[in-house]
Amino acid sequence: MVEYAEQPAYPVGLRLSGRRVVVIGGGQVAQRRLPALIAAGADITLVSPSATPSVEAMAEAGEITWVRRRYEDGDLADAWYALIAATDPEANARASAEAERHRVWCVRSDDAEAATAWTPATGRSEGVTVAVLTGHDPRRSAAVRDAIVEGLRDGSIGAPHHRARTPFVALVGGGPGDPDLITVRGRRLLAEADVVIADRLGPRDLLDELPPHVEVIDAAKIPYGRFMAQEAINNALIEHAKAGKSVVRLKGGDPFVFGRGMEEAQALAEAGIACTVVPGISSSISVPGAAGIPVTHRGVAHEFTVVSGHVAPEDPRSLVDWESLAKLRGTLVILMGVDKIGAIARALVAYGKAPDTPLALIQEGTTAAQRRVDATLATVAERVAAEDVRPPAVIVIGDVVQEGPDKRPAPSSV
């Protein structure tokens, strides 16, 4: 028998679409490996008397064919590839022997030395598949893979396109402020951009990582200060896209949560320019979480409502039904409402909310400058003035403000 461990494995990418693959065993190994085989388009037969709930769900969805019995000789007939991962070593050995007889490439979870193939640690980043083999050290394989994939995603590993690249426009949600909270896809698109049109509330630290050739346009909308009109932003997106540039509109939070992302998407569509929307982590949830506040909590709040506070309740332009909000028992999260919080609190109390309802203001959430100021509806206007709370700040109103890791345990009711 060939001693496989003495020679390096020969790396190859198997094209399994429409080809028969047999998996022996329905446990955790199969659960981890099956999604990649399904994504490859393989015609998968699972042979196992039992399976994990996740594997069973794949069978119920029609993604795999499940033969509910133990392995029998002949199960690997006409297979191109086999994954042997049963809990019975004797069955694994017999299946491995069958694979050898029929020249079917075979991976064994229980005995790599007896296998004819090894599964590499794999990762993907925008059309690139990274596969790493380090012999008998799977943890090292995973670490090397992670480092390479992360480098490709954040641009720290240079991998320029040598074929013509199609320019793009992407509306990217940058998250609440911490640069580590942007999505993987958002960070990758930033690394590929020629032009970045950035908001003040976007993750500013990421701009320092951009290559020197990238043009950064400041679209900051500073309250009561200088601003770049929305029409000018729309025009800049269209102008650079028509010039064949790859353009990223970097926004704070999520593009479609009080971010005017749809206005920009509509302007691009009217100009005949397609755009990609990359969702971001909304500050309405992430900032309270960073401050130790759950927006929902068992036995305390079964719903939460997110409201824009940039228009006061008495303003005829307001589209918010403050009277109905005052009657809700759940959590109320207010964005862009620091300078209107006094009027908002008075309206909520006038419509029946208890004056001692607790609330918290989290300024510069998820950043190094984050701070939390607690108050009640009755005291919030005074507290904001005394503590000089400034935007950006997220306001959380409700009993969840009094919860936290160091607070009382949740009630037993659902």
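The values are calculated or read from the model by the stated rules, or taken from the named source; none is laboratory data. Bear in mind that the values here come from a model prediction, so they are computed numbers and not experimental data. All Cβ positions, even for glycine, are placed from backbone atoms using ideal geometry, and neighbour counts span all protein chains on display. Just the protein is used for accessible areas: all its heavy atoms, side chains included, with ligands, DNA and RNA removed. Shrake-Rupley method; radii C 1.70, N 1.55, O 1.52, S 1.80 Å.
For region 29-43, which positions are of a type outside the set (S, T, N, Q) and in contact (Cβ under 8 Å) with a residue 24 or more places away in the chain? Of everything in region 29-43, those that are of a type outside the set (S, T, N, Q) and in contact (Cβ under 8 Å) with a residue 24 or more places away in the chain turn out to be Val29, Ala30, Arg33, Leu34, Ala36, Leu37, Ile38, Ala40, Gly41, Ala42, Asp43.
Hand me the list of strands (runs of 3 or more DSSP E) wholly inside region 315-414 holding 3 or more residues that are open to solvent by 20 Å² or more (accessible area, probe 1.4 Å). Let's see the steps before the verdict.
Working: elements: 331-335, 358-363, 371-376, 393-397.
Hits in region 315-414: 371-376.
The residues listed here are Ala198, Ala191; of these, the one that is open to solvent by less than 70 Å² (accessible area, probe 1.4 Å) and either modelled with pLDDT under 90 or among the polar types (S, T, N, Q) (or both) is Ala191.
Within region 1-40, being under 19 Å from Ala121 (Cα atoms), among the hydrophobic types (A, V, I, L, M, F, W, C) and either part of a helix (DSSP H, G or I) or at pLDDT 95 or above (or both) holds for Ala5, Leu16, Val23, Val29, Ala30, Leu34, Ala36, Leu37, Ile38, Ala39.
For Thr305, the conditions (1) assigned to a strand (DSSP E or B); (2) more than 29 Å from Ile182 (Cα to Cα) are fulfilled apart from (2).
The condition (being of a type in the set (Asp, Glu) and under 24 Å from Val349 (Cβ atoms)) is satisfied by just one residue among Glu323, Glu264: Glu323.
For region 73-119: of the residues being of a type in the set (Val, Ile, Thr) and in a loop (DSSP other than H, G, I, E, B), which is least open to solvent (accessible area, probe 1.4 Å)?
Top of the filtered list is Val104.
Among the residues of region 120-134, those that are open to solvent by less than 50 Å² (accessible area, probe 1.4 Å) and part of a loop (DSSP other than H, G, I, E, B) comprise Pro120, Thr134. Residues in region 248-287 that are open to solvent by less than 20 Å² (accessible area, probe 1.4 Å) and not small (Gly, Ala, Ser): Val248, Arg249, Leu250, Lys251, Pro255, Glu264, Leu268, Val278, Val287. Considering region 41-72, and only residues there that are open to solvent by less than 40 Å² (accessible area, probe 1.4 Å) and in a loop (DSSP other than H, G, I, E, B), the residue that is farthest from Val21 (Cα to Cα) turns out to be Thr52. Of the residues Thr65, Thr45, only one is under 19 Å from Ala117 (Cβ atoms) and hydroxyl-bearing (Ser, Thr, Tyr); which? Step by step, each of Thr65, Thr45 is checked, and only Thr45 is under 19 Å from Ala117 (Cβ atoms) and hydroxyl-bearing (Ser, Thr, Tyr).
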